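One structure is given below, encoded as structure tokens.
The values are calculated or read from the model by the stated rules, or taken from the named source; none is laboratory data. Small disclaimer: the values here were computed from a predicted structure and weren't measured. Neighbour counts run over all protein chains shown; Cβ positions are idealised from the backbone, glycine included.
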Amino acid sequence: MNKLKPIDLTFGAVFVCLMAVGANITVWFPMLAVPIGGTSVPLSLQTFFAIIAGFMLGKRLGAFAIITYILIGTAGLPIFAGLQGGPFVLISPTGGFLISFVFVAFFCGWMMEIINKQTITAYTITAIFGVAINYLFGVSYMYLALNTWLELEIGYAIAWAGMIPFLIKDTALSFLSAFFMVQLAKRIPAAWIKAKI
């Protein structure tokens, strides 16, 4: 990616906002929170927006936008799930999912640079791998958190089983992200897309 332009920073800021909105869907629709291991885990659109950030912004700016979102939330602004903020969110059972979004955005941008084709197949395969990164990192971190500082003694398979509803949702959204990007590519300047992938 070349030197950052004002439009790049604007799109990055938009994704910071989208991540905050995607994290807090359950504020307006509380029935979308699922109880797991004594805690309540909200459904969100963050994985979807992290994937789209990588697709639209490229690996560097996409990852930077997610890092900015995490830093703002860690500083105390209530933009994490459930309108929470502060550093302790990162050591909660779902903190690993937050951290993984940086890698998801980077990976999706990086893969599209390598593939260099704006096809629904390329976007779909990349998005599915993005979801896999999100869950491998996030569930492993959650398992560690539940079994160490929360001392709940939950098995790794149980931790995965509890995430099945979220995994199904995010896998479905990965297909939607591919369709969305193919449609979006028809409506934004081709030169800008090529600069990103």
* To do: Only residues that are of a type in the set (Phe, Trp, Tyr) and part of a helix (DSSP H, G or I): list them for segment 149-171, please.
  => Tyr156, Trp160, Phe166
* To do: Please find, among Leu77, Leu9, Leu90, Leu83, the residue that is within 30 Å of Ile120 (Cβ to Cβ) and not β-branched (Val, Ile, Thr).
  => Leu9
* Structure fact -> Subset of segment 26-51, residues at pLDDT 75 or above and under 14 Å from the mean Cα position of the chain (by Cα), comes to Ser44, Leu45, Gln46, Thr47, Phe48, Phe49, Ala50, Ile51
* Look at Glu151 and say whether it is free of Cβ contacts under 8 Å to residues at least 24 places away in the same chain and out of contact with any Phe, Trp or Tyr (no Cβ under 8 Å at 6 or more places or on another chain). => yes
* To do: Determine whether Ile158 is surrounded by fewer than 18 Cβ atoms within 10 Å (Cβ to Cβ), modelled with pLDDT under 90 and within 22 Å of Phe103 (Cα to Cα).
  => no
* Can you tell me which of Gly54, Gly96, Gly85 is modelled with pLDDT of 90 or more and closer than 23 Å to Ile154 by Cα? -> Gly96
* Please determine, by comparing only the residues of segment 128-151 that are surrounded by 15 or more Cβ atoms within 10 Å (Cβ to Cβ) and over 21 Å from the mean Cα position of the chain (by Cα), which one is modelled with the lowest pLDDT. => Leu150
* Structure fact -> Of (1) more than 17 Å from the chain's Cα centre (by Cα); (2) within 14 Å of Leu57 (Cα to Cα); (3) modelled with pLDDT of 90 or more; (4) among the aliphatic types (A, V, I, L, M), Val102 satisfies every one except (1)
